Amino acid sequence: PRYLMGLGQPEEIVEAVRRGVDMFDCVLPTRNARHGFLYVRRSSQFSVHSSQFYATMHITNEKYAKDFKPVDPHCSCFTCTHHTRAYLRHLFKTSEPLAARLATIHNVNFYLELMRTLREKIVAGAF
């Protein structure tokens, strides 16, 4: 097994997997979640052959105050299936500890789905 510590942006992980890395250790998904930065897919499937397969959302921005869509419409995590962007923003703005938990659930799920996609592509010989 090849272990890489410290890298954490999704495109960095894709490149590291491409180079043969098997395991990662990074606080970025959880730290970003605690500060209201969420990862959002650009389409229903990860297109990992481009660095533009995701965007980041700063949920505390005013534009999300009345946005009643899920954080990521392509995500099936608990946060996205049960809560809206407006609600999550409200939680952050009122310093409710649940905000960090829900954001972390989402970001960790984003990374799990990314890794699942990479494993499937490796097995299929498409990566």
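The values are calculated or read from the model by the stated rules, or taken from the named source; none is laboratory data. Just so we're clear, the structure is a prediction, and the values are computed from it rather than from any experiment. Cβ atoms come from the backbone with ideal geometry, glycine included; neighbour counts cover every protein chain shown. Only protein heavy atoms, including side chains, enter the accessible area calculation; ligands, DNA and RNA are left aside. Shrake-Rupley method; radii C 1.70, N 1.55, O 1.52, S 1.80 Å.
Taking the chain as a Gaussian network of alpha-carbon nodes connected by springs under 10 Å, the highest mean-square fluctuation of the residues LEU28, LEU112, LEU38 belongs to LEU112. A Gaussian network model of the chain, with springs between Cα atoms under 10 Å, assigns the largest mean-square fluctuation among ALA99, ALA55, ALA33 to ALA55. Computed with a 1.4 Å probe on the full set of protein chains, the accessible area for TYR3 sits at about 120 Å².
Within the chain, what whole-number % of the accessible surface is contributed by carbon and sulfur, with the 1.4 Å probe and all protein chains included in the calculation? Walk me through the numbers before you get to the answer.
Numbers: 3910 of 7310 Å².
Answer for the chain: carbon and sulfur cover 53 percent of the accessible area.
Which whole number of Å³ per residue matches the convex hull of the alpha-carbon atoms in the chain? Kindly include the intermediate steps, with their values, before the conclusion.
Working: hull volume 12.5 nm³, N = 127.
Hull volume normalised by residue count: 98 Å³.
Rounded if a/c is under 1.5, else prolate if a/b beats b/c, else oblate: with a ≥ b ≥ c from the C-alpha gyration tensor eigenvalues square-rooted, which is the stretch 1-67? Verdict is oblate for the stretch 1-67.
For the chain, the solvent-accessible area works out to 58 Å² per residue, with a probe of 1.4 Å and every protein chain left in place.
Model label sites at ASN61 and ALA86, defined 7 Å from Cα along the beta-carbon direction, differ in position by 1.8 nm. Taken one residue at a time, the phi angles of the stretch 6-21 give Karplus couplings (6.51, -1.76, 1.60, θ = phi - 60°) of x, 6, x, 5, x, 5, 5, 5, 4, 5, 5, 4, 4, 8, x, 6 Hz. Gly and Pro are set to x. The label-point distance for GLU120 and VAL21, in a model that sets each label 7 Å from Cα toward Cβ, rounds to 2.3 nm. Please return the longest stretch of the chain lacking exposed loop sites, where trypsin sites (Lys or Arg not before Pro) count only if DSSP places them in a loop and at most 15 other Cβ atoms lie within 10 Å. Formally, the longest exposed-site-free interval is 67-127.
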